[in-house]
Amino acid sequence: MTTTPRTALTIAGSDSGGGAGIQADLRTFFACGVHGMTAVTAVTVQNSLGVQGFSEIPVDVVTAQIRAVAADMGVDAAKTGMLATADIIHAVGKTLDEVHIGRNGRIPFVVDPVAASMHGDSLLREEALDAIRTELFPRATLVTPNLDEVRLLTGVAVTDTGSQRAAADALLELGPQWVLVKGGHLYGNPRCVDLLSDGERYVELAGPRYDTEHTHGGGDTLASAITAALAKGRPVPDAVAAGKRFIERCVAEAYPLGAGVGPVSPFWRLSQDNA
Ligand code: PXL
């Protein structure tokens, strides 16, 4: 009999184009060797050119998915992506407490505060930003905003590594245990420098910048790879370093698909050539 792998839960939206959201999370969990489970929050209609619209899932169906898998299969780590509405966020926060996920329990919880697609299409109703701050950040083991999300959540405009530190401090004020301020959108910098902090340690993680426009699903893939490492019991700094190495390879191997932005790809992780 084979050993049961660790489990990871993503609470996020579906991307019909298969590049981001639930689809990116599941294939990352698979590639990282954990069993992926899902609580779908919304169904987006999209392709490589952008998001044409979305429909949210009823709140009680979102929370029932979380309870169902937590009660029977167990969750070793969880993450959130697109949450769509304030009502969903409030209900998810309460449900996470019930099933001991997040800082109030013992199960690591990563918040990727998804607000918009990379095309700038909104994935979060406007009033929901405050709910991310008040309901999710205080429960989070780690939050992983990009620079647009940092500005929306804290008002801090990051322009260099100095202001990245100010952003980390502003985010920590909102209550998460750790923050990862992703610097990938600082295009003037020839390296991608992310800053990880718990308020005591400030760790700069620098990596290569690849010359590709195909980065759809990059944030989701990073947060999922970190969540998978946390599910395996790795401490946060190790999990983040592992996640960063993973996403770097996925960006290096991103491929064009459709007329717009193609997805990052974890295909390289498959040990056998399935072509
Ligand atoms: O990459 C952020 C993201 C998350 N979730 C869904 C998305 C996107 C970006 O398009 O569509 C469902």
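Per the conditions (1) surrounded by 20 or more Cβ atoms within 10 Å (Cβ to Cβ); (2) more than 10 Å from the ligand (Cβ to nearest atom), the sole criterion not satisfied by residue 1 is (1).
Counted as qualifying within the range 173-275 are the strands (runs of 3 or more DSSP E) with 2 or more residues that are open to solvent by 30 Å² or more (accessible area, probe 1.4 Å), namely 202-208. Kindly indicate whether residue 136 is buried (at least 24 other Cβ atoms within 10 Å of the Cβ) and within 16 Å of the ligand (Cβ to nearest atom). Spelling it out, residue 136 is indeed buried (at least 24 other Cβ atoms within 10 Å of the Cβ) and within 16 Å of the ligand (Cβ to nearest atom). Taking the criterion of being farther than 14 Å from residue 145 by Cα and surrounded by fewer than 17 Cβ atoms within 10 Å (Cβ to Cβ), the residues of the range 91-116 that qualify are 94, 97, 98, 100, 104, 105, 106.
Among residues of the range 24-46 being near the ligand (Cβ under 10 Å from one of its atoms) and crowded, with 21+ Cβ neighbours inside 10 Å, the one that is farthest from residue 108 (Cα to Cα) is 46.
A Cβ distance below 6 Å, combined with a sequence gap of six or more or placement on separate chains, defines the contacts here; from the range 118-139, residues that are of a type in the set (Val, Ile, Thr) reach residues that are at pLDDT 95 or above and not in a strand (DSSP E or B) in the pairs 132/113. Tell me, please, whether a residue that is at pLDDT 95 or above and either within 16 Å of the ligand (Cβ to nearest atom) or buried (at least 17 other Cβ atoms within 10 Å of the Cβ) (or both) can be found in the range 117-126. No, the range 117-126 has no match at all. Number of residues in the range 47-63 that are in a strand (DSSP E or B) and open to solvent by less than 20 Å² (accessible area, probe 1.4 Å): the value is 1.
The values are calculated or read from the model by the stated rules, or taken from the named source; none is laboratory data. A quick note: this is a predicted structure, and the numbers were derived from the prediction, not measured. Cβ atoms come from the backbone with ideal geometry, glycine included; neighbour counts cover every protein chain shown. Just so you know, the surface numbers come from the protein's heavy atoms only, side chains and all, with ligands and any DNA or RNA stripped out. Shrake-Rupley method; radii C 1.70, N 1.55, O 1.52, S 1.80 Å.
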